[in-house]
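One structure below.
Quick note: the coordinates plus some simple rules give every number you see, no bench work behind them. These numbers come from a predicted model, not from an experiment. Neighbour counts are summed over all protein chains in view; Cβ atoms, including those assigned to glycine, are modelled from backbone coordinates with ideal geometry.
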Amino acid sequence: MKKLGFDATDIRILSAVQKHGQLSKTKLAEIVNLSPTPCWARLDRLKAAGYISGYNATLALERIVDFTLVVVTVSLTHHRKTDFERFEAHIQGLDEVTECVATGGGMDYVMKIATPSLATFQSVMEKMLSADLKIDRYMTYIVTRQLKTSRPNLEKLVANRL
C-alpha cells in the first residue's frame with residue numbers, strides 16, 4: 001500500500017478547505033483544533049506541495065439562469081493514443097463541457113455539457129462531430145433534476161491508511 005505523506009491534522013485541514021473554501025487563519029485553526037500559527041504553516045506547506053489546486057464557490061445556477069444540462073457518453077472509433085489525445089485536447093477548449101471523465105468499459109468518455117438551450121447543445125454536438133474527433137457513437141441524456149452534487153469525503157477515503 002502506498003504511504004500517504006499526511007497525518008490526521010493535514011487531512012483535517014484539507015477536508016476543512018474542501019468543505020468551506022478559503023478561511024481565516026483563526027477559523028481554520030478552530031475547525032481543525034490546532035493553534036493558528038502552526039495550522040497556517042501546514043496550510044502553506046500543503047499549498048506549496050500542490051495538494052490544493054484552487055478555491056471556488058458552488059453556485060445555485062438554477063436560481064440564476066435557465067439552462068440545459070446534458071450527460072453525454074462518447075465512444076471513439078479507434079482506441080489509439082492519438083485519437084484519445086485529439087478528443088481530450090478538443091474537450092479542454094469547450095466551455096460548455098463542465099465535466100469529462102475517461103472510462104473503461106462500454107464508453108470511452110462521460111461528459112456533462114451545460115448550455116443556454118437544447119438548440120445550443122445540439123450546435124455544440126454538431127461542431128464536435130464535424131471536428132473529426134473520430135467519434136463512433138454517442139448517447140445523450142437530458143438532466144431533468146440534479147439530485148446530488150458533492151466532493152468525495154477525504155477523511156473516509158484515507159481512513160485506515162494513515
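Restricting to the stretch 140-161, name every residue that is surrounded by 12 or more Cβ atoms within 10 Å (Cβ to Cβ) and either part of a loop (DSSP other than H, G, I, E, B) or without any contact (Cβ under 8 Å) to a residue 24 or more places away in the chain (or both).
Of everything in the stretch 140-161, those that are surrounded by 12 or more Cβ atoms within 10 Å (Cβ to Cβ) and either part of a loop (DSSP other than H, G, I, E, B) or without any contact (Cβ under 8 Å) to a residue 24 or more places away in the chain (or both) turn out to be Val143, Asn153, Val158.
Could you figure out which of (1) exposed (fewer than 10 other Cβ atoms within 10 Å of the Cβ); (2) within 22 Å of the chain's Cα centre (by Cα); (3) in a loop (DSSP other than H, G, I, E, B) isn't true of Arg63?
In the conditions (1) exposed (fewer than 10 other Cβ atoms within 10 Å of the Cβ); (2) within 22 Å of the chain's Cα centre (by Cα); (3) in a loop (DSSP other than H, G, I, E, B), Arg63 misses (3) alone.
Inspect the stretch 120-139 for any residue being in a strand (DSSP E or B), surrounded by 10 or more Cβ atoms within 10 Å (Cβ to Cβ) and aliphatic (A, V, I, L, M) and give the result as yes or no. Talk me through it step by step, then tell me what you get.
First, the residues of the stretch 120-139 that are in a strand (DSSP E or B): 135-139.
After this cut, where a residue has to be surrounded by 10 or more Cβ atoms within 10 Å (Cβ to Cβ) as well, the list is 135-139.
Keeping just the survivors that are aliphatic (A, V, I, L, M) gives 135, 139.
Yes, the conditions are met somewhere in the stretch 120-139.
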